[in-house]
Structure formats: structure tokens, C-alpha cells
Amino acid sequence: MLKPSAHTMRTMAMPLGMLVGALFCREMEWLENATQGWLTPLFIGSMLFVTFCKVDARNIRLQMMHLWLIMFQAVGCFVVYYALRPISEVVAQGAMICVLAPIAMGAVVIGGMLGAKVETMVAYSLLCNLAVAIFAPIILSLYGNGTCSVGEILGRVAPMLILPFVLAQLCRHLTPKVGGWVAAHGQISFYIWLMSLIVIIGRTTCFIIDHSEADRRIELLLAVVALVICATQFIVGRIVGRHYGDAAAGGQSLGQKNTVMAVWMAQSFLDPLSSVAPTAYIVWQNLVNSYQLYRFGNNVSEKERSK
């Protein structure tokens, strides 16, 4: 269990990480460019490898909860698009991409810290990313420039999701002592994820600064819509998850999005300004994660004191 000092540190780590990324955004952008865009994938892959070392592939099962969450994404992206289209096409596209985006790679890490069943989240990660890879090209062809393909999306998510999983399972079975050590030190994944967050926030800040000519009213509206969608997805996910005995898994699976993928889809296949919505979503979901870790840590501390 986390000691109060460790709990406080993890709770504050994400807001501080976002602040560092924003303040040193140019340095983060330079670092990402110097590594030719490989820094963030390397962080995410390493983080998932550590987390997957705790997962026994034989325990991974698809559940009805997964199907409900996928249905919410599939139907929800149409609902928010047509609800907001009369207001602004750009805002509608931004909202749609915030719902359509697949589960974040880091959601498994945060979910595990919140007490979620990691196998449940791994199963949804595989299902969700495959479903989005098939479904997104259809959506982006209807409402975007029509050039997206299944291969492009799979090419983005498969290396970061499948490769760490396969390597972790090989490590568990071929070198069980190494795999056991990595699994026992799973907290490493949080700090790797924190470093990736700093880089992502830095890139995000640079994007906003470099597009100062954009309509500020539309940008503000996109940020507000992203906040509402973020809160709604975490709440709905926890409600669905609680029905199946794992509120944390449901909340993180539906609420924590692969915003890097979402920003890429918006900038590549929709109006580029619509990417402000998933950009803002990065901030909102990490504030939610900080609050959840704070609440979870407090509950753990109270239970330990009551013993």
C-alpha cells in the first residue's frame, strides 16, 4: 500500500508534470524532434511492458462491460457530432474525435493504481483499438477528407500495444525471475508515464502557441466541450464498470483517451482546429486522474488507520 508521503507525491505529480511540460514546451518539442518522434512511443512501450509483466495472458477475457463501452463510443460519436453541428462544424468534429478516440495506453497503468483488474483493461485495450482501427476510417471518410485507412491507424497503435504485450509475456515465461522482478517494481511504469506526459504537454503547448491566429472563441468552446465529454465518459464508464464489479476499470477504459492518436486523427483527416478538443482533453483527463488517485489514496489510508 502507498504510504501517505508516496500518495501525496503521486497525486501532485501529474499537475506538476503538466506545468513542467508547459513551461519547457520548446525544450520538449526539440527533444521530440531530435529523436524523430520516437521518444513518446518509447516511453509508452516501456511503460506498458512493465505493466504487462504483471498480466497472465490466460486470464484475459472479453466481458459484456467491454461491449457496452464500445457501443457507447460508436453511438456517442454520432450523437455529439449531430448535436453540435448546428453550432459549429469544427466544434462538432472536435467533440466526435474525443468520443471516438481509443483507450489511452496509460489507462492500464492508472487503472491498476486505482485497484482495477489489469487483465480486464488489457482485454478492452486490445478490443477497443482494433474496433477503432476498423470504425474510424469509416467515420473520418464520412466527416473528414476521406483519406484515412485501417492500416494507418493499426500502424499507429499496434507497435505500442501488441509489441510490449508479446515481449512481456515472453519475459514472464522465458525469464521468470526477470519478469517477476519487473512485476514487483510495477511503480516504475507510473514514472515512465509521467515523463511521457511532460513531453506530450510540451508538444501540446507548442501547438497552441504556434496557432495563435485561430478563432479564440471556437478554441474556448472546443475546450469546454472536451471538459464536458471527459467528465461524462469517466462517469458513464464508472457506472457501467460498477455494474460489472469494477468501477475503476470502466471509468479508465471509457474516460482516459489516447489523445496523441486523437490529435493526429483530427489534424490529419478533419479540420486541424478541431484538434484543440483532444488537446484540451489531455489536461482534463489528467486532472481527473490526479483527483482519483488522491481519493483512492485517502480511502486506503483511512482503511489502514481503522484496522
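The values are calculated or read from the model by the stated rules, or taken from the named source; none is laboratory data. These numbers were taken from a predicted model, which means no experiment stands behind them. Neighbour counts run over all protein chains shown; Cβ positions are idealised from the backbone, glycine included. Protein only, heavy atoms only, side chains kept; ligands, DNA and RNA dropped before computing areas. Shrake-Rupley method; radii C 1.70, N 1.55, O 1.52, S 1.80 Å.
Tabulated results
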{"quantity": "Selection count, the stretch 97-142, where residues are in contact (Cβ under 8 Å) with a residue 60 or more places away in the chain and in contact with a Cys (Cβ under 6 Å, 6 or more places away or on another chain)", "calculated": "5"}
{"quantity": "Yes/no for E89 being within 22 Å of the chain's Cα centre (by Cα), acidic (D, E) and either closer than 24 Å to F296 by Cβ or open to solvent by 10 Å² or more (accessible area, probe 1.4 Å) (or both)", "calculated": "no"}
{"quantity": "Subset tally (residues that are open to solvent by 10 Å² or more (accessible area, probe 1.4 Å) and either hydrophobic (A, V, I, L, M, F, W, C) or outside any helix (DSSP H, G or I) (or both)) for the stretch 270-289", "calculated": "9"}
{"quantity": "Any hit, the stretch 200-214, residues being hydrophobic (A, V, I, L, M, F, W, C) and in a loop (DSSP other than H, G, I, E, B)", "calculated": "yes"}
{"quantity": "Residue, modelled with the lowest pLDDT, within the stretch 193-227, restricted to residues that are within 16 Å of Q256 (Cβ to Cβ) and of a type in the set (A, V, I, L, M, F, W, C)", "calculated": "W193"}
{"quantity": "Criterion (open to solvent by 10 Å² or more (accessible area, probe 1.4 Å), under 23 Å from V79 (Cα atoms) and either in contact with a His (Cβ under 9 Å, 6 or more places away or on another chain) or in a loop (DSSP other than H, G, I, E, B) (or both)) met by exactly one of C148, C128", "calculated": "C148"}
{"quantity": "Residue pairs meeting the criteria (Cβ under 6 Å; at least 6 apart or on separate chains; first without any contact (Cβ under 8 Å) to a residue 24 or more places away in the chain, in the stretch 181-201; second open to solvent by less than 10 Å² (accessible area, probe 1.4 Å))", "calculated": "none"}
{"quantity": "Unmet requirement for I153, which otherwise passes all of (1) part of a helix (DSSP H, G or I); (2) over 18 Å from the mean Cα position of the chain (by Cα)", "calculated": "(2)"}
{"quantity": "Test: Q292 is closer than 19 Å to A136 by Cα and open to solvent by 10 Å² or more (accessible area, probe 1.4 Å)", "calculated": "no"}
